[in-house]
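Working notes for the structure below.
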Amino acid sequence: IHFILLFSRQGKLRLQKWYTTLPDKEKKKIIREIVQIILSRNQKTSSFVDWKDLKLVYKRYASLYFCCAIEDQDNELLTLEVVHRYVELLDRYFGNVCELDIIFNFEKAYFILDEFIIGGEVQETSKLSAVKAIEDSDMLQETVEEYMNKPAF
Amino acid sequence: MPAPIRLRELIRTIRTARTQAEEREMIQKECAAIRSSFREEDNTYRCRNVAKLLYMHMLGYPAHFGQLECLKLIASQKFTDKRIGYLGAMLLLDERQDVHLLMTNCIKNDLNHSTQYVQGLALCTLGCMGSSEMCRDLAGEVEKLLKTSNSYLRKKAALCAVHVIRKVPELMEMFLPATKNLLNEKNHGVLHTSVVLLTEMCERSPDMLAHFRKVRQLSSSQLVPQLVRILKNLIMSGYSPEHDVSGISDPFLQVRILRLLRILGRNDDDSSEAMNDILAQVATNTETSKNVGNAILYETVLTIMDIKSESGLRVLAINILGRFLLNNDKNIRYVALTSLLKTVQTDHNAVQRHRSTIVDCLKDLDVSIKRRAMELSFALVNGNNVRGMMKELLYFLDSCEPEFKADCASGIFLAAEKYAPSKRWHIDTIMRVLTTAGSYVRDDAVPNLIQLITNSVEMHAYTVQRLYKAILGDYSQQPLVQVASWCIGEYGDLLVSGQCEEEEPIQVTEDEVLDILESVLISNMSASVTRGYALTAIMKLSTRFTCTVNRIKKVVSIYGSSIDVELQQRAVEYNALFKKYDHMRPALLERMPVMEKITTNGPTEIVQTNGETEPAVLETKPPPSGLQPASQANDLLDLLGGSDITPVIPTAPTSKPASAGGELLDLLGDLNLTGSPVSAPAPQIAQPPFLLDGLSSQPLFNDIAAGIPSITAYNKNGLKIDFTFERSNTNPSVTVITIQASNSTELEMTDFVFQAAVPKTFQLQLLSPSSSVIPAFNSGTITQVIKVLNPQKQQLRMRIKLTYNHKGSAMQDLAEINNFPPQSWQ
């Protein structure tokens, strides 16, 4: 996977994870372009778009679009499963996740993503393990905060 | 200073902004606060501030001033700080930033931290965005962690290693020992990442690949069987809630294993054999109702097609793809078409069976599916199905999006050329394409079409009639109009005389034909090139039509003052033809001969057929130059003494070598073309037919008869021209003369042009010279080949004309050659 983008139906970016190095300007341009392409596709079309030398796999969950860019030899159908798994993880963690959860807790969304995917490849295929790791890390965080007697940010 | 506002507060506040400007104002205010807080080195709230900064960064605002702060957070002891710090690093500190390398030490320390979650953070960050230097520095640490028994860390280390290998391929060797044990793990996370690591290694290095195929793993079994075993367990094992997705156990791992098997089995019989069973098992047992199952089947099919599998398995795979094609889910169909496209070369027959489904996909709404279906359809056209397929493809061409039309039109032409069952069908198909997608047809298609039409001699009447009808209504599609104009120019007489056999002949008068051509000329929609075609066509009709010659003369003279230089030049030249050279007009404007089938790009071939003297003659002349070449021809005519000579006009009066291939040829009509195809495009082009009719296109240089003495044809002013002869055994009327021109003076001769004329009973063809410069002091020669057809075995005579530049002045000379050895023509 080269990058993952989450954006709303109005085209507002909610999460961006890049696994390749690109200049900031380039990233912005790409985001704009892709958001436009995907928002203009209708229901009847497939979830795959050929874009430059990559394939874009996208799926809409409620008001959020999840988009992954994969290489030619990657399995598109499996990528759909990857996206679905990520949503499931979010759901498990937040309990009935909705877009607002991701807006207000964007850093947690990143943490969860980082427990699921590293360097563009899936690292953990078990739902339980991934979420457990996040919860344990959170415990670590709270403990530290309690110790410091300061509110979590 | 009051505590900085919390992150959630900030998010809430920003979301209340109603306009972009309001939002920007809030952000700027907060940024200022954050900046001053950073300056104050406030440890407590640093992480809160950076978190806010990251949020603003996501909204698109600059956040580079937070980079150093991220570093400080990473270095802090608090887990909360580290977490935000690493997140910030991943978002803001990619390898293009200067401070990127400063992270290295922190990461190193954290890789050895006592808390696994801290180690995990470090591994994650390194694995997502570590630069090559960082990877080099820290590879050792990663390798160590790869061997740990802690599965949480092991899986992350494996992916980190993948990233290191991607950045610094030389380090791959280093991770080899650690991979020995990897697949013995029970933990799926480790298994999955290990498979990814092995895949990466095998893909990058053929040595690694060989190593993994052969070498025994620690648990004394080879890699392929081990993978097969793991896969089998996954399929056979019962329900495991952790890894289950819609009834399938850990599809991610299954797919990755299949992919690795594909790489291992490629081009390797042993490995492929070891996997045959499991592949068959997966292919038949996987549940296909959900996307997951299909994902696995897809990967299985790809693997089967790529390794050396037995044919039964391949058929199974293609059938799966066929089933996919019928699936309602668009994604599945997309995937099926993509894979079929990959396999159509190797398993052509099997794919043919699904042809009808593929053709149905042409009607799908999704653009990507349509494109793949189109490509696949072209790949599947063959002699048997061409009629049916073409019908579908033509229908597709009608209705598809503009971005496809050009490709589709080209594809149809190619397929039609290869598999046309009859000439009439071919022409009909071309007509259909021209009329439906006329403006999308590529420019190089026009000369090809013209050639095709010329070659279908019996269809001329039919073709011209159909073309005429086509442009009657609408002459906006340029390629169509060009082809039509050319045809009408050539075969206008057939049109008017109503000779069509294939369909009901229409009644057309000469005036009507001229009307349409004139409207093309006048119309704003016609490109300049098209106008050229039309004007030339009108001119040609002057010899084919009987009643309207005056009208033609009038049209031609009007355009003599056209603003378009090209048109003007033509018109003036044609005018000249009418006035001074009327006796030459019929010969010049005669019918086109059947053209040689050209194997490379048509245009360059056809265009240059006339042109061996083109550059030299034309460049020195201003516009009303049409007269010159004609006068040259006149000279030659005079030289050779009157009416028993066929003029050999080597040049086209017009100078446009570009896409207007058609009209150059037009002008010279049926003349004995003394030009030749440009030797540039492809040296392997078969020589064009030696002479126009009656000769099959035989290779001409075979069967060389040896032993004809060569002659010195010309020797004056330091320029010597030698003729060497060859006779063809297969065709005794053919003599091939190779001239060699050499220069014994002390200065080179440039722009050398050789022209020749022969008596009427002969026919002559002059091929391109090797160059136009003869170096001085006999240090090099120009060679040129002349082919002479002498069916009546008369004594060979030749007049030559030489022009060149020497010592700064233009030289010209004429000579007659009578000293041909008898062996060269008897």
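Here, each number is a calculation from the coordinates, and none is a lab measurement. Because the structure is predicted, anything quoted here is derived from the model rather than measured. In this analysis, Cβ positions are derived from the backbone assuming ideal geometry, glycine residues included, and neighbour counts consider all displayed protein chains.
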Fill in the blank from the handout: Computed over the stretch B:443-589, the Cα gyration tensor eigenvalues, each multiplied by 5 and square-rooted, give semi-axes in Å (largest first) of 23, 18, 14
Practice task
Can you pull the one-decimal nm distance between simple spin-label points at B:Arg323 and B:Phe777, each 7 Å off the Cα toward Cβ?
Solution key: 8.2 nm
Practice task
Rounding to the nearest 20 debye, state how big the charge dipole of the stretch B:443-589 is about its Cα centre with +1 on each Lys and Arg Cβ and -1 on each Asp and Glu Cβ.
Solution key: 720 debye
Exercise for the section: Figure the gain on full extension for B:Arg12 and B:His211 (residue separation times 0.36 nm, minus the Cα-Cα span) and round it to one decimal in nm. Expected result: 65.9 nm
Problem - Shape call, the stretch B:401-479: gyration tensor on alpha carbons, a/c limit 1.5 - result: oblate
Completion exercise
Quick numbers on the stretch A:3-145, Rg and Dmax over C-alpha atoms in Å, give 15.4, 50
Problem - Cut-off under 5 Å, modelled amide H: who pairs with B:Lys580 long-range - result: none
Practice task
Give a residue-ordered list of calculated ³J(HN,Hα) values for the stretch B:224-235 (Karplus: 6.51 cos²θ - 1.76 cosθ + 1.60, θ = phi - 60°; whole Hz; x for Gly, Pro).
Solution key: 4, x, 4, 4, 4, 4, 4, 4, 4, 4, 4, 6
Completion exercise
For B:Lys82, the aspartates and glutamates lying under 12 Å Cα to Cα, once residues fewer than eight places off in the same chain are dropped, come out as B:Glu69, B:Asp110
Practice task
Calculate, for B:Ser744 and B:Gln826, the FRET efficiency according to 1/(1 + (r/R0)^6) with r their C-beta to C-beta distance and R0 25 Å; round to the nearest 0.05.
Solution key: 0.15
Exercise for the section: Please go through the stretch B:50-135 and write out the trypsin sites (Lys or Arg not before Pro) that DSSP classes as loop and that have at most 12 other C-beta atoms within 10 Å. Expected result: B:Arg96
Fill in the blank from the handout: Under the rule rounded for a/c under 1.5, else prolate if a/b exceeds b/c, else oblate, using alpha carbon gyration tensor axes a ≥ b ≥ c, the stretch B:437-498 is classed as oblate
Fill in the blank from the handout: Sorted largest first, the C-alpha extents of the stretch B:150-256 along its principal axes in whole angstrom are 42, 26, 23
Practice task
Go through B:Lys147/B:Lys180; B:Lys180/B:Lys214; B:Lys147/B:Lys167; A:Lys25/A:Lys108 and tell me which ones have a Cα-Cα distance over 19 Å in this structure.
Solution key: B:Lys147/B:Lys167; A:Lys25/A:Lys108
Problem - Under-5 Å amide H pairs with B:Thr745, H placed in peptide plane, nonlocal only - result: B:Phe777, B:Asn778
Exercise for the section: Any chance you could count the Lys pairs in the stretch B:221-359 whose alpha carbons are under 23 Å apart, treating pairs 8 or more apart or on different chains as valid? Expected result: 5
Completion exercise
Here the whole-number average of other chain Cβ atoms within 10 Å per Cβ of B:79-85 is 6
Completion exercise
Once the in-chain neighbours fewer than 8 apart are removed, the lysines whose Cα is under 16 Å from A:Lys29 read A:Lys12, A:Lys17, A:Lys52
Exercise for the section: Could you tell me what % of all Cα pairs in the stretch B:303-362 have separations over 14 Å? Expected result: 50 percent
Problem - Top positive-direction residue, dipole computed over the stretch A:3-145 with Cβ charges, set A:Phe7, A:Ser129, A:Ile103 - result: A:Phe7
